[in-house]
Structures are given as structure tokens and as C-alpha cells.
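Participant: Take this structure first; my questions come after.
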Amino acid sequence: MPVRLARRFRFSSSHLYRRPEWSEEENFRRFGKCANLPGHGHNYRLTVTVGGEVDPATGFVAELQGLDELVGREVLDRLDHHHLNDVIPEFAAGRQLPTSENLALWIADRLNRKLPAELRLISVLVAEDEDLAAEWLRD
Ligand code: NI
């Protein structure tokens, strides 16, 4: 009987919404203040939900220390206290914008590659504040 386990993390990052191939007017029309240079920051909340069988000996779906280390290494160390457009190649100028939607996809891709075989990534929820969150959800 599989059980889902949700673990919450925090990171603070800055980002900028701006397409270099668009005019100033187009950038501000589409992105508003989010196009202001050099960018702005958010205190993000990240919820990673994994699913698996409960280990009868420990009562755990996932060994928390291992999950925390994985998310720390693969995600938080890359994002926390960084300007996302500068440090993540996928979010460089002219490529994808570091929206919460794209961050959820980026994080899910990294975790899907590295999670131990006994765990399934169920969802990655990225909230940039209390009012806006994007979620990658396994089909
Ligand atoms: Ni923003």
C-alpha cells in the first residue's frame, strides 16, 4: 500500500522576466514590474512529494536525511541566494524564463533523475509567495 510523503523546503532567489528579442514596450506590456532591471527576489517554498511503500522496520516511506541531502545538493544549493537567470543555464537570457512553472519543471527533472528507485516523485510545488504557486504533477 503506497503512501505519499510531503517535505517542505525554502530558498530565496531573485529573477527577471525579460525576453531580449522583444522591445522594452513589449517586455513591460507582458511582464509589468517583473521586467524591471536587475530583477527582484522571492522567499520560495518548495514542497516535494514522493510516494512509495512504507518500510515495515522503520515506518518510513523515505529516509528523510537522504531526501534532504538530495534536494539540498540538486536543487537548493543551485538556487538559494542566487539570481536564477545568471546561474541556471536553462534560464539564461533568450532561453526559458525562471517562472514558478519553469522552476517546478526544472526541479522535477533533476529529482526524477536522482531519486532512489524505491521512491516515485509525485509532485513538485513551487510557491513564490502566499498567493502564487505552480505544481509539476506526475500524470
Ligand atoms: Ni517574481
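Quick note: the coordinates plus some simple rules give every number you see, no bench work behind them. From a predicted model like this one, the values you see are computed outputs, not experimental measurements. Using ideal geometry, Cβ is built from the backbone for each residue, glycine included, and neighbour counts are taken over all protein chains shown.
Participant: Place the peptides 125-134, 21-30, 97-106 in order of packing, highest mean first, counting for every residue the other Cβ atoms within 10 Å and averaging per peptide.
Facilitator: Numbers: 125-134: 15.1, 21-30: 11.9, 97-106: 20.2.
Ranking the peptides 125-134, 21-30, 97-106 by packing returns 97-106, 125-134, 21-30.
Participant: A further question on this structure: Sum -39500 (n - 2.57) across every DSSP H segment of at least 4 residues in the chain, then divide by the residue count to get the 222 nm mean residue ellipticity, nearest 500.
Facilitator: Using -39500 (n - 2.57) per qualifying helix, the result is -7000 deg cm²/dmol.
Participant: Additional query: For MET1 paired with ARG73, estimate the spin-label separation in nm (one decimal), with each label point 7 Å from Cα along the Cα-to-Cβ line.
Facilitator: So the two model labels end up 3.4 nm from each other.
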